[in-house]
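**Q** The structure is given below, and queries will be raised subsequently.
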Amino acid sequence: MFRLPAGAQRRASFRLQLFTASGARPVAIATQVPGADEGASLTNVAEACASAVWERFFATDAEPPIWIQQVIIDDRRHLTLVEFTADGAQRSVRRPRWRPLSSSDVETLVGRPVSLERGEGFVAVEPEPEPESEYGAALVALLPRPEPFRVDDCMSAGVAWWRRLGRQVVPRRGGRGCCWYHGGDWHVVSRVALRLTEKAHAAGVAFAGTVSYVMAQPDATALTGWEREALSSLLADTIRPDGRWPSGEGYNNGQHRAQAMIEAGVRWTLVEHTVG
């Protein structure tokens with residue numbers, strides 16, 4: 001049984017089998033049963049797991065071991081070869097790429113029959129604490145590049161930096177009839193959302209109670225139908241960016257609304273952050 005070291009960002013454990021031979025690149029087989037208190041899934045922490053095994057067992061090797069991942073779900077075995085871009089100086093890997101394997105493929109790579117059972121000695125990993133959420137203000141011009149997947153003629157992927165800045169100088173106000181996302185004025189909605197969530201925070205309202213508190217405020221009840229719907233979406237179906245433009249990697253949620261706000265030149269808007 002192998003666990004990610006204590007300093008890792010995530011907690012994860014798995015059965016680790018290592019196969020070595022003189023003059024041959026080692027083969028590492030990581031086996032996990034999802035939902036069995038093993039912490040984060042092998043897929044989600046592939047880079048951390050492969051890097052930790054490389055550093056601990058093969059620190060003098062210039063490249064990581066061949067990494068085979070096995071996930072056992074209802075007695076079905078899902079085997080994949082995971083290939084990485086490796087940094088030999090740091091003993092770390094990144095950019096995983098998965099390729100399905102069969103059990104015979106594994107035996108060919110190892111050069112002998114391999115047990116594809118979970119093995120013994122499993123000890124459950126302590127569950128990770130649930131991250132807490134909070135509302136915050138974000139500069140719209142610095143939000144990551146959206147990649148809208150419900151592609152309408154009015155919603156292209158991303159906005160160039162010069163157009164982002166131009167919209168901050170000459171913003172678009174009001175709504176358009178092309179789709180819901182362009183159906184109203186995000187300038188108005190964002191201002192109300194930021195002002196009322198700050199009021200809720202000052203009043204000691206918890207994150208979970210903020211939606212009902214804000215929607216009951218006079219400033220919220222005075223909005224138009226579309227504006228109230230948009231305000232509710234910012235509060236309950238929050239925009240959750242992953243980093244900032246231009247290096248931000250995308251969104252956990254909310255990229256269609258972010259796209260509409262970038263196009264409109266909205267200055268600040270409400271987003272959700274996790275803390276802890």
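**Q** Of the conditions (1) in a strand (DSSP E or B); (2) under 21 Å from R3 (Cα atoms); (3) not hydroxyl-bearing (S, T, Y), V53 clears all except one; give me its number.
**A** (1)
**Q** Also, quick follow-up: Please tell me if G254 is loosely packed, with under 14 Cβ neighbours inside 10 Å, in the same structural domain as L165 (by TED's automatic domain parsing) and of a type outside the set (S, T, Y).
**A** No: the conditions fail for G254.
**Q** For the range 2-22, name all the residues that are under 18 Å from F122 (Cα atoms) and either exposed (fewer than 11 other Cβ atoms within 10 Å of the Cβ) or in contact with a Pro (Cβ under 7 Å, 6 or more places away or on another chain) (or both).
**A** Of everything in the range 2-22, those that are under 18 Å from F122 (Cα atoms) and either exposed (fewer than 11 other Cβ atoms within 10 Å of the Cβ) or in contact with a Pro (Cβ under 7 Å, 6 or more places away or on another chain) (or both) turn out to be P5, A6, L18.
**Q** Is it true that R195 is assigned to a loop (DSSP other than H, G, I, E, B) and either farther than 13 Å from D185 by Cα or modelled with pLDDT under 90 (or both)?
**A** So R195 fails the test.
**Q** Report, by residue number, each residue of the range 154-190 that is among the hydrophobic types (A, V, I, L, M, F, W, C), at pLDDT 90 or above and outside any loop (DSSP other than H, G, I, E, B).
**A** Those that are among the hydrophobic types (A, V, I, L, M, F, W, C), at pLDDT 90 or above and outside any loop (DSSP other than H, G, I, E, B): V169, W186, V188, V189.
The values are calculated or read from the model by the stated rules, or taken from the named source; none is laboratory data. This one's a predicted model, so the numbers in the text were calculated from it and none came from an experiment. Neighbour counts are summed over all protein chains in view; Cβ atoms, including those assigned to glycine, are modelled from backbone coordinates with ideal geometry.
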